[in-house]
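Step one of this worksheet: look at the structure below.
Since every read-out is calculated from the coordinates, none of them should be taken as a lab result. Please read these numbers as outputs of a predicted model, since none were measured by experiment. Please note: Cβ atoms are built from the backbone with ideal geometry, for glycine as well, and neighbour counts cover all protein chains shown.
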Amino acid sequence: MFLNTEIKDLKIENNVPQKSEELRMMRFLIDIFLSKKNITPPLLKEDVLSLSAEFIKEHHDYEKYQKLLAVIINNYAWKPVVSGIPYNRRILLLPQCMKNMTDCPAETDELGLICEECGLCSIGEIKNQAEKLGYHVIVSEGTTAVKLLLSSGQVECVIGVGCLESFERSFPLTVKEAVPSLAIPLFNYDCKNSVVDLEWLKEILPVKNDFQWNGWVNLDNTRSKIQSWFKLTSLEELFGNSVESVNIANNWLTKGGKRWRPLIMVSLCQALCSDKQLNSDTIRKLAVSVECFHKASLVHDDIADNDSVRYGKPTLHEEYDIPVALNTGDLLTGYGYQMIAGSGAGDEKITKLLSIATKGHSDLCLGQGEELLWRNKSSVLSTEKVLKIFSDKTSPAFEVALKFGAVIGGAGQQLMDILGDYSKTLGIAYQIKDDLEDFSDEKNSSDLNAYHPSLITAILNEKMPAKTNEYMIAIQKGEKNSVAEFISWAKEQRAIDEAGAMLEYYKQQTLEVLVGLENVNVKVLLYRLANRILS
Amino acid sequence: MNQNIFVCGCERGGKVSRETVTALKNKLEERNTGYTYIEDMCGCIPKNPQDLVDIKNSDRSVIIGCQPRAMQCLLDYAIFCTCGTEMEYYNADKLLEDENLLSKLETGKDSITTVEYKEDWKPWYPVIDYNRCTSCMKCMNFCLFGVYDKDPDGKVLVTNPSNCKDLCPACARACPEQAIIFPKHHESIINGENDVVVVADGDSILDKIQNEDVYQVLSQRRKSFSASLLKTEQLKIAEEERRSCCADTDDPDCCSDDSSAKKDNKSECCGDTGENKDSSCC
């Protein structure tokens with residue numbers, strides 16, 4: 001069922017009307033059509049396609065321009081956002097094919113053509129006008145430079161000129177990074193002496209509104225700030241260092257990991273409020289709180305799974321013993337609640353935070369409980385059951401982090417509900433990704449064992465139960481090469497491909513949950529987070 | 001501590017205005033702060049450097065005049081070893097606007113002395129910023145009048161400042177490192193006021209985009225590009241300036257107007273590696 005959900009592209013020509021007036025008319029009609037709707041970027045490909053199909057129902061003449069319509073619809077969605085971004089944070093991308101092919105005197109570097117404004121083509125004039133406003137202009141060939149720019153994660157806004165085909169290729173990237181982008185198509189698509197509708201371009205370049213733009217949340221900067229909160233000295237400020245049990249807990253907190261949960265929490269706060277409105281001490285304590293809960297659950301998980309290595313080092317019960325590890329997990333849970341109580345977030349918010357944390361805590365235990373009880377039955381789970389366990393086990397942690405951020409940022413009920421759905425599919429996708437990683441390398445697959453519920457194993461079991469069971473028994477006994485053989489068999493049976501398709505499906509679901517969100521800052525952030533967590 | 005203030009009046013070039021110099025002198029005198037007035041430092045340095053010996057004999061010398069970087073290179077050129085001296089340089093106009101800084105200038109003396117410049121020659125010659133000079137010899141090869149020479153270590157020197165043609169800054173434009181300063185020139189990239197130097201580095205711009213601030217990388221790329229355009233433009237102007245200097249001289253042999261013949265002519269008369277120190281032919 002999952003494999004068939006990919007959207008099939010309609011066969012559409014790279015068609016652009018050859019007159020400025022016609023293009024202007026199209027923009028005008030789309031403006032009217034969309035003004036009746038509530039549209040918040042980024043739009044998914046599916047959103048754009050369904051909107052253009054709807055438009056065509058009203059305007060049959062435009063059927064042959066479906067790709068162009070998609071561009072205009074996407075521009076409509078982003079335009080208010082782009083207008084709020086300062087000129088000097090916008091990048092204008094022009095295609096090299098606009099140059100005079102025979103006489104262009106300009107040299108190039110790896111990024112593209114370095115225009116001398118000689119006047120032989122329109123690039124110089126456009127560049128000059130854009131740079132006067134403050135734009136950064138790149139005249140590039142092909143999409144390599146564009147790809148690099150967009151995937152740097154730093155680009156805040158792009159205005160691109162190109163043929164419809166090139167837009168189609170770079171659109172997924174702009175969606176993935178949720179980069180505000182406007183596109184202006186070339187009249188031609190034969191890659192030489194290209195011409196752009198100057199009227200359209202000149203209409204777009206100066207767009208500007210009074211929107212107070214504080215920049216998108218910079219995930220890299222936020223992450224490094226968060227890392228500093230988990231340095232030993234910072235933790236000792238909160239928990240002291242006079243008792244050995246405290247030191248064990250502190251040290252455990254400093255250890256590795258990507259700090260996704262604090263990052264999710266803090267960045268959502270930032271997307272909801274400006275830095276000035278945020279009390280940094282409250283945020284720090286709550287970020288530490290979500291990480292305490294997470295790290296506590298890891299200690300207990302490692303004991304339950306009998307894992308001896310985490311972050312490339314001995315697990316806590318290996319380093320000490322099981323009772324000490326159990327106790328440290330409990331201590332961290334206590335610290336988590338202590339941080340909430342002492343966060344200074346205000347009574348009303350603290351009550352909300354506590355109810356979120358306790359619910360997350362019990363949901364997690366229920367999910368974990370189901371998994372533990374299954375183990376005793378020594379049967380392979382169905383895919384549905386695996387997905388449920390994935391969701392029960394992983395989603396609560398994401399949900400707690402997201403909702404903490406939302407409470408502090410003062411979000412309303414609509415966002416709270418969306419965050420619940422978002423964490424469900426995100427949690428499932430995250431676990432599928434983890435499962436795929438376990439199966440990615442035959443030689444180095446110590447993480448693969450019969451104790452973890454695995455989607456790939458479940459898929460195999462549905463295809464060939466007897467053989468799957470044989471492998472499971474062999475792996476459980478620790479037979480030589482059993483894991484490697486099992487992995488290559490899973491590849492042969494295309495179970496890995498199927499799980500990959502399901503990862504894509506849940507990723508897509510995660511983004512689709514956001515359709516109704518009206519806060520652009522939050523929507524863009526949640527897009528980027530999902531893509532980062534799942535890539 | 002032996003501390004002295006030196007004010008250059010730029011009397012033979014007018015880089016510092018009369019009014020500024022007078023106002024500055026008044027300010028110092030109001031406060032009973034003694035100073036040394038140098039009529040024209042550019043002139044004194046090649047002609048009567050011994051008169052400036054106090055600059056290096058002080059523990060701390062404050063030099064006030066045109067562009068700080070130009071004055072600093074000028075004093076380096078005077079082969080003044082100022083190593084034992086704490087040096088400070090101020091632009092006269094900027095200093096006048098800064099009451100706070102002015103009030104801090106103290107010498108503990110109230111005597112005013114003057115270093116005169118009595119020569120007819122209007123001092124106009126290049127000074128080299130050795131922090132930038134790479135001894136590429138482009139200036140030496142570009143100049144047709146034997147102003148430059150090099151020492152046995154290969155360091156470029158301004159050996160014949162008085163051979164330089166009044167108001168011609170062509171060699172400064174030809175310098176790839178912006179290391180040549182004509183203190184009295186009006187353009188900031190030539191008189192040492194503009195301190196921007198574009199350093200080309202080897203890192204690929206694609207790497208930089210991934211690892212550094214994208215917007216800064218793009219701004220820098222644009223700056224480097226305008227600088228390189230400017231450089232091309234500057235070289236064209238330099239050729240023109242040199243040509244017009246040649247038109248003024250009477251020696252048709254050395255200073256042909258035909259730029260293609262330039263090199264040959266030069267090697268005949270001056271020796272093209274500078275081994276022949278006789279540059280009087282030009």
Take every DSSP beta bridge with both residues inside chain A and express the antiparallel ones as a percent of the total, to the nearest 5. 35 percent
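Sorted from fewest to most neighbouring beta carbons within 10 Å, what does the list B:R222, B:R173, B:R18 look like?
Working: B:R222 16, B:R173 26, B:R18 11.
Taking fewest neighbouring Cβ atoms as first place, the list is B:R18, B:R222, B:R173.
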Exposure proxy check on A:H60, B:H185: fewest-to-most Cβ neighbours within 10 Å is A:H60, B:H185
Report the charge-dipole magnitude of region A:130-289 in Debye, nearest 20, computed about the Cα centre from +1 at each Lys and Arg Cβ and -1 at each Asp and Glu Cβ. 620 debye
Ranked from highest to lowest mean number of other Cβ atoms within 10 Å per residue, what is the order of the peptides A:385-391, A:245-251, A:289-295? A:289-295, A:385-391, A:245-251
Farthest positive-ward along the protein assembly as shown dipole, Cα basis, beta-carbon charges - from A:A304, A:N247, A:S267: A:A304
If the label point is 7 Å along Cα→Cβ of A:V207, which residues in region A:93-119 have backbone nitrogen under 16 Å from it? A:93
How crowded by other chains is B:209-218, given as the mean number of beta carbons from other chains within 10 Å of each beta carbon? 5
Looking at A:M98, A:C191, A:L133, which one has the Cα that reaches farthest to the positive end of the dipole of region A:20-204 (charges on Cβ: Lys, Arg +1; Asp, Glu -1)? A:L133
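Quick one: pull the percentage of alpha-carbon pairs in region A:20-204 with a separation above 31 Å. Could the numbers behind the result be given before it?
Values: 2430 of 17020 pairs.
The answer is 14 percent, as a whole percent.
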Residues of type aspartates and glutamates that B:K122 reaches as a straight line, Cα spacing below 15 Å, ignoring anything fewer than 8 places off in the same chain: B:E11, B:E39, B:D40, B:D166
Rounding to the nearest 20 debye, state how big the charge dipole of region A:20-204 is about its Cα centre with +1 on each Lys and Arg Cβ and -1 on each Asp and Glu Cβ. 560 debye
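What does the structure give for A:130-141 when I average, per residue, the other chain Cβ atoms found within 10 Å of the residue Cβ? Could you put the intermediate results ahead of the total?
Working: counts 0, 1, 0, 0, 0, 1, 7, 2, 4, 0, 0, 0.
Rounded to a whole number, the mean comes out at 1.
Once you charge only the Cβ atoms, +1 for Lys and Arg and -1 for Asp and Glu, what is the size of the charge dipole of the protein assembly as shown about its Cα centre, to the nearest 20 debye? Each step should come with its number before you reach the end.
On the way: 92 positive and 122 negative charges, 420 e Å.
Result for the protein assembly as shown is approximately 2020 debye, rounded to the nearest 20.
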Helix A:66-83: angle to the longest alpha-carbon principal axis of chain A, degrees 0 to 90, nearest 10? 80 degrees
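Can you check what the Kirkwood hydrodynamic radius comes to for region A:219-534, Cα pairs only, in Å to one decimal? Don't skip to the end; give the middle numbers.
Working: mean 1/r = 0.0487 Å⁻¹.
Roughly 20.6 Å, rounded to one decimal.
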Toward the positive end of the charge dipole of region B:1-160, about the Cα centre and with charges on Cβ (Lys, Arg +1; Asp, Glu -1), which of B:S103, B:V158, B:F142 goes farthest? B:F142
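Give me the inter-chain shielding for B:220-226: mean count of other chain Cβ atoms within 10 Å, whole number please. Don't jump to the answer; show the numbers that get you there.
On the way: counts 0, 5, 6, 0, 2, 6, 0.
The shielding value for this peptide is 3.
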Summarise the long-distance tail of P(r) for region A:232-364 by giving the % of C-alpha pairs beyond 27 Å. 20 percent
How big is region A:300-392 in terms of Cα radius of gyration and Dmax, in angstroms? 16.6, 49
Stokes-Einstein at 37 °C, 0.692 mPa s, Kirkwood radius from Cα pairs: D for chain A in µm² s⁻¹? 126 µm²/s
In sequence order, what are the phi-derived ³J(HN,Hα) couplings for region A:291-301 according to the Karplus relation 6.51 cos²θ - 1.76 cosθ + 1.60 with θ = phi - 60°, rounded to whole Hz, with x for glycine and proline? 6, 4, 4, 5, 5, 5, 5, 5, 4, 5, 4
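Which order do the peptides A:484-493, A:526-535 take when ranked by the mean count of other beta-carbon atoms within 10 Å per residue, highest first?
A:526-535, A:484-493
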Sort the following peptides by mean Cβ neighbour count (other Cβ atoms within 10 Å, averaged over residues), highest first: B:151-162, B:40-51. B:40-51, B:151-162
